[in-house]
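Let me begin by presenting the structure, written as structure tokens, before commenting on it.
The values are calculated or read from the model by the stated rules, or taken from the named source; none is laboratory data. Nothing here was measured: the structure is a model prediction, and the numbers come from that model. Don't worry about glycine lacking a Cβ; one is built from the backbone with ideal geometry, like all the others, and counts go over all protein chains shown. What goes into the accessible areas is simple: the full protein's heavy atoms, side chains included, and nothing from ligands, DNA or RNA. Shrake-Rupley method; radii C 1.70, N 1.55, O 1.52, S 1.80 Å.
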Amino acid sequence: MRMGALARVETFGDGLSARNFEILAKFIYDYSGIKMPPTKRTMLEGRLRKRLRYTGAVSLDDYCDFLFKRGGLDSEVIFLIDCVTTNKTDFFREPNHFDFMVRKALPDIAADGVRNIRVWSSACSTGAEPYTIAMLLAEFARANQAIDYRILATDLSTDVLKKAHSGLYAPELLQPVPADLMRRYVMRSIDPKRHEMRIVPSLRAKVAFARFNLMDETYSVGDAFHIIFCRNVLIYFDKQTQTHVLQELCKNLLPGGFLMIGHSESIAGIDLPVRQVANTVFQKQ
């Protein structure tokens, strides 16, 4: 083996150089709005190492050369972003939002004569949020026969969208779902060896999953929505990015519609055409 090749092999598993970390961090921020401070350097290195064998890179610095010097960025960007996104989600997470939707938002929307309710889960992760919304909308439609609904569920990560589209979950992940909703909207496998359950086809059909980047300059998502969920994603953005995202979301929210953000998030200091109507729930003027 040539000494040059040996030197390249021996760099396998080494960390990113300071310069390459800065380049990657800037690209990730510009593309996704996700901040990657120096404290996350070790985490980033760990997540990116799995991409080495797929790209033929022999080290993390060589991987950066592949991205930015050898033209690999176009083919790799989706996988790069999948590596750095954090996807934490649960069914009926932060239940106050769902209580408000059932108790207040949906009756008010229906009272205005709306018969086709449109909801956007803008950071849907593996699907727990949009399927939770779908269960509650299905229940509302059962009690109000003239009502129909559609849900758009988007995320930046293709990995989580594949999982969400399948509707397959381990039983322990579905424990927060009330028993009556479990009976109606979740199927058990007929094979006892399969440790998974699945959202029923009729409910999955109501949810359209799509890859979407909240950093896009403008949002092309079709007709405006009656309810938008954007929960626990703003915390990863700086103030400038939060402002952009929230303003674009509001442009896609119908007058009188409701915007829900995470309980640890705030819109303080951001000029938006909304008023607060409950904890982290806002209604468009």
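Worth a mention:
- The condition of being at pLDDT below 95, surrounded by fewer than 17 Cβ atoms within 10 Å (Cβ to Cβ) and either more than 26 Å from Lys35 (Cα to Cα) or of a type in the set (A, V, I, L, M, F, W, C) (or both) holds for only one of Ala146, Ala57, that being Ala146.
- Among the residues of segment 224-234, some residue qualifies, meaning at least one is over 19 Å from Lys163 (Cα atoms), aliphatic (A, V, I, L, M) and free of Cβ contacts under 8 Å to residues at least 40 places away in the same chain.
- Criterion (out of contact with any Ser or Thr (no Cβ under 9 Å at 6 or more places or on another chain) and crowded, with 16+ Cβ neighbours inside 10 Å) met by exactly one of Leu67, Leu136: Leu136
- With respect to the conditions (1) in contact (Cβ under 8 Å) with a residue 40 or more places away in the chain; (2) open to solvent by 20 Å² or more (accessible area, probe 1.4 Å); (3) in contact with a Cys (Cβ under 9 Å, 6 or more places away or on another chain), Leu24 falls short on a single one, namely (2).
- Residues within segment 105-149 that are in contact (Cβ under 8 Å) with a residue 24 or more places away in the chain, farther than 23 Å from Ser220 by Cβ and not aliphatic (A, V, I, L, M), tallied: 10
Rundown of residues vs (1) open to solvent by less than 30 Å² (accessible area, probe 1.4 Å); (2) farther than 23 Å from Asp112 by Cβ, yes/no style:
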| residue | (1), (2) |
| --- | --- |
| Arg184 | no, yes |
| Leu203 | yes, yes |
| Gly222 | no, no |
| Val233 | yes, yes |
| Val245 | yes, yes |
| Leu249 | yes, no |
| Pro255 | no, no |
| Ala268 | no, yes |
| Phe282 | yes, no |
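- Of all residues in segment 77-133, those satisfying the criterion of being among the aliphatic types (A, V, I, L, M), over 30 Å from Ala57 (Cα atoms) and either open to solvent by 50 Å² or more (accessible area, probe 1.4 Å) or outside any loop (DSSP other than H, G, I, E, B) (or both) are Met101, Val102, Ala105, Leu106, Ile109, Ala110, Ala111, Ile117, Val119, Ala128, Ile133.
- Candidates Asp159, Asp191: the one that is open to solvent by less than 70 Å² (accessible area, probe 1.4 Å) and of a type in the set (D, E, K, R) is Asp191.
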